[in-house]
Amino acid sequence: MLNLLVLSFLFGAKSSDPSPSPEAFLEIFDLPLRDLEGGDLKLSNFKGEVLMIVNTASRCGFTKQYAELQKLYQSYQDQGFRVIGVPSNDFGGQEPGSNEEIRIFCQENYQVSFPMLERSAVRSEPQSPLFQKLIQESERKGLGGSVRWNFEKFLVDRQGRLMARYRSMTSPKSRKITREIERLLSEPARL
């Protein structure tokens, strides 16, 4: 049992409920969000798409996952998949830059073209409303509590339901993530 808990901590957990009830909607589509350029970013533009929401940092041992996230995004974006990055300085001060510095870093070093939100608190106060919802639903589904480190990945289906959560050590290119993305993309949107 302890080994299972350790593995779950390190590698994340996936929901075993293949068809969550309608009340499991995250209600994230109307949250007020801003992108790195300071503009409004409406998640409602992504209704009907599969989303991977990831807290990121530029000076982390997992920062190389930007390249993997970009590749994942490019592989599936034409099928209705979006990665949304959320820079955060909550863990070890590993995202100290301004929004502009983060934008330049991501583009110059990893050619990031997926949407990036402004730097936000994902664990500290005032916590991002988006992460409040993700964590609340994650706890409800038994997928873990607060975000433990940079590059945790939350997978949301076309209906806006949290379907899986993967911890930092799980590579975005891992087969368990790509299998789940492919499964979710194969399901029709029922909005």
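All of the numbers you see were taken from the coordinates with simple rules; none came from a lab. Since this is a predicted model, take the numbers as computed values, not measurements. Positions of Cβ are generated from backbone atoms using ideal geometry, with glycine treated the same way; all protein chains shown enter the neighbour counts.
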Problem set entry | Translational diffusion coefficient (Stokes-Einstein; Kirkwood radius from C-alpha pairs) of the range 56-168 at 20 °C, 1.002 mPa s, in µm²/s | 148 µm²/s
Exercise. What's the exposure ranking of LEU31, LEU36, going from fewest to most Cβ atoms within 10 Å?
Worked result: LEU31, LEU36
Exercise. Most mobile of LEU33, LEU51, LEU162 per a Gaussian network model of the chain (Cα springs, under 10 Å)?
Worked result: LEU33
Seminar exercise, completed: If amide H atoms are modeled at 1.01 Å from N in the peptide plane, then the residues at a separation of 5 or more from VAL83, or on another chain, having amide H under 5 Å from its own are MET52
Problem set entry | Distance (nanometres) between label positions extended 7 Å along Cα→Cβ at ASP78 and ASN45 | 2.1 nm
For this session: Using θ = phi - 60° and the Karplus relation 6.51 cos²θ - 1.76 cosθ + 1.60, list the HN-Hα couplings for the range 41-49 in order, rounded to whole Hz, with x at every Gly or Pro.
Result: 10, 9, 5, 4, 5, 10, 4, x, 10
Exercise. Taking only C-alpha pairs under 8 Å that are 6+ residues apart, what is the relative contact order of the range 52-139 in percent?
Worked result: 32 percent
Exercise. Using a simple charge model, +1 on the beta-carbon of Lys and Arg, -1 on the beta-carbon of Asp and Glu, nothing else, what dipole does the chain show about its Cα centre, in debye to the nearest 20?
Worked result: 700 debye
For this session: Based on other C-beta atoms within 10 Å, arrange CYS60, CYS106 from fewest to most.
Result: CYS60, CYS106
For this session: Show the residues, 5+ positions off or on another chain, whose built amide H is closer than 5 Å to the amide H of ARG34.
Result: LEU41, GLU118
Seminar exercise, completed: Along the range 143-157, Karplus-curve 3J(HN,Hα) (6.51, -1.76, 1.60; θ = phi - 60°) to the nearest Hz, with x for Gly and Pro, reads 9, x, x, 5, 5, 8, 6, 5, 6, 7, 10, 10, 9, 10, 7
Exercise. Mean separation of Cα pairs under 8 Å and 6+ residues apart, divided by the residue count of the range 89-191: what relative contact order is that in percent?
Worked result: 17 percent
Exercise. For the chain, what's the relative contact order in percent, using C-alpha pairs closer than 8 Å and at least 6 residues apart?
Worked result: 33 percent
Problem set entry | Debye log10 I(q)/I(0) at q = 0.08, 0.15, 0.16, 0.17 Å⁻¹ for the chain, Cα point scatterers | -0.22, -0.85, -0.99, -1.13
